[in-house]
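Worksheet: one structure, shown below.
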Amino acid sequence: MSFKVVEAFAGIGSQAKALSNLGIDHEVVNIIEWDINAIYAYDIIHNGPQNLDKYKSTPKEVLIEELSKYQLSSNGKEPLTLASLSRLPISTLKRVLEAIRRTRNLVSITDVKAKDLPDEIDLLTYSFPCQDLSISGFWHGNKGGIDRDANNRSGMLWEVERILMELGDENRQVPKYLVMENVTNILADRHIGNFVEWQTFLERIGYVNKVYNLKATNFGVPQNRTRTFMLSVYVGDNQDLRSNIETFFVENNLENVRTNLDKDILDEYLKIDYTNAIYYAEAITNTPNDTPSRRKIFNENPHLVDEDGRPNAPIVRTITTKQDRHPNSGVILHDLHIAGKSQFRYLTPRECFMLMGFDESDYQRLVDSNFKNRKDINFLTNEKLVKFAGNSIVVNVIQAVFEQITQIREQYNI
């Protein structure tokens, strides 16, 4: 029987990618994602090009009416107003609506009720927004964390609690497995009380929890990125099973995994062959203007590639939602000599995707399905593509967590 999955805060679907990599017979029965950019990108990556023939004669007013039923966002931060939705080109409206339908997207988690979900969910993943948990968020005034009354993005964690409670109230089975991913700052003094409260709730309704801090380099990806994961396994009131699962986690601690990366592994990720027209164009796009602030970025960030075009570092820093910033993941020297431009570039979105564990073909699907949104500007801009990667989960890491689910299923028939 197919393994039924719900991806909450789905982003571009690193969870679905990991399950596919493992060859697990699964079905993503629903995703939950409100950002129209990520909605479209997820659909293209996992379902391929869209066929919009069915919308040929659909008036814009009908598309707006359909989409206005959902709480959508154009930036992942605040809801899209009806006026803003109405200003979107009809080509964008068609693609977003088709993406929602093809992915069975329930859109905003605040609107999702237990009755909207299918019976017998095997796995619910929830990588809720980290902005109000992260250290950088704190410095920008986001101090609510995951407080219940914070009314912020990271507080969306408690919507997951609400849905699980609704399932219980309806005498329906909660998911057999839950997988959480977020920044390690969730374990900081400011947030640990809330996180312990969340774990206690899950234990009370029948889950065994295992918290991991996992680093991408230990799973074969040359990126200095550590994130907190929690795998929760439903055992109900079966104390023997609870004990067995707790023993499993002690004997199979993913924090003990170590991988020695090849010193030249970045060769597989960095696209520095500028005789390739695509890589050349992407390098140009990601080369900043020669300004004092960019010179400072050059001087204060790791040089990933030296003057000879050879990787100069074994790993990159954490992929964030922006590369034109300090600190960033690292800079790459080049000799392309473009007037007014720097002699270095940032990581390209293609490289960022690959350093998050996606295949180059996944990224190319987005490029091939990009379209002009307005004023000859691509819907999926360079900045949005980098943001997708920075907000995602390293596929190889969550894949290791899913492998533990497979082992538990086989060993304990859960």
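Listed values for the stretch 262-267 are Karplus-derived 3J(HN,Hα) couplings in whole Hz (6.51 cos²θ - 1.76 cosθ + 1.60, θ = phi - 60°), namely 4, 5, 9, 5, 4, 3, and x replaces Gly and Pro. Here the Karplus relation 6.51 cos²θ - 1.76 cosθ + 1.60, evaluated at θ = phi - 60°, turns the backbone of the stretch 396-408 into coupling constants of 4, 6, 5, 4, 5, 5, 5, 4, 5, 4, 4, 5, 5 Hz, with x for every Gly and Pro. Cβ-to-Cβ counts within 10 Å put S243, S57 in ascending order as S57, S243, the fewest first. Between the stretch 1-27 and the stretch 188-250, the C-alpha centres lie 19 angstrom from each other. Applied to the stretch 100-112, the Karplus parametrisation 6.51 cos²θ - 1.76 cosθ + 1.60 on θ = phi - 60° returns per-residue 3J(HN,Hα) values of 4, 5, 5, 9, 6, 7, 8, 6, 8, 5, 5, 9, 7 Hz, with x for Gly and Pro.
Over 32 Å between Cα atoms: which of K77/K113; K54/K115; K4/K210; K176/K384 fall into that group?
Working: K77/K113 21 Å; K54/K115 29 Å; K4/K210 21 Å; K176/K384 34 Å.
Where the Cα-Cα span goes over 32 Å, the pairs concerned are K176/K384.
Can you give the local net charge around G11? Use residues other than it whose beta-carbon is closer than 11 angstrom to its beta-carbon, Lys and Arg +1, Asp and Glu -1. Kindly include the intermediate steps, with their values, before the conclusion.
Working: positive: K17, K387; negative: E7, E33, D35, E181.
Spelling it out: positives minus negatives among the neighbours equals -2.
Close amide H contacts of V316 (hydrogens built in the peptide plane, cut-off under 5 Å, sequence separation of 5 or more or a different chain): Q223, N224.
Normalised by the number of residues in the chain, what is the relative contact order in percent for Cα pairs under 8 Å and 6+ residues apart?
Relative contact order for the chain comes out at 16 percent.
Per-peptide packing, taken as the mean over residues of other Cβ atoms within 10 Å, places 306-316, 273-283 in the sequence 306-316, 273-283 from highest down. Each peptide among 27-40, 245-258 gets the average number of other Cβ atoms lying within 10 Å of its residues, and from highest to lowest they stand as 27-40, 245-258.
Working ranking of peptides 386-394, 173-181 by packing, defined as the average number of other Cβ atoms within 10 Å per residue, highest first, is 386-394, 173-181. Estimated from helices alone, the mean residue ellipticity of the chain at 222 nm is -11000 deg cm²/dmol (sum of -39500 (n - 2.57) over DSSP H runs with n ≥ 4, per residue).
With a 10 Å Cβ neighbour count serving as the proxy for reagent exposure, in which order, fewest first, do D362, D43 appear?
Numbers: D362 21, D43 25.
Sorted ascending by nearby Cβ count, the order is D362, D43.
Net length available on complete extension from T81 to T381 is 105.8 nm, with 0.36 nm assigned per residue and the Cα-Cα distance removed.
FYI, it's all coordinate maths here, none of it is from the lab. The model shown is predicted, which means the values in this text are computed figures rather than measured ones. No Cβ is skipped: glycine too gets one built from the backbone with ideal geometry, and neighbour counts run over all protein chains shown.
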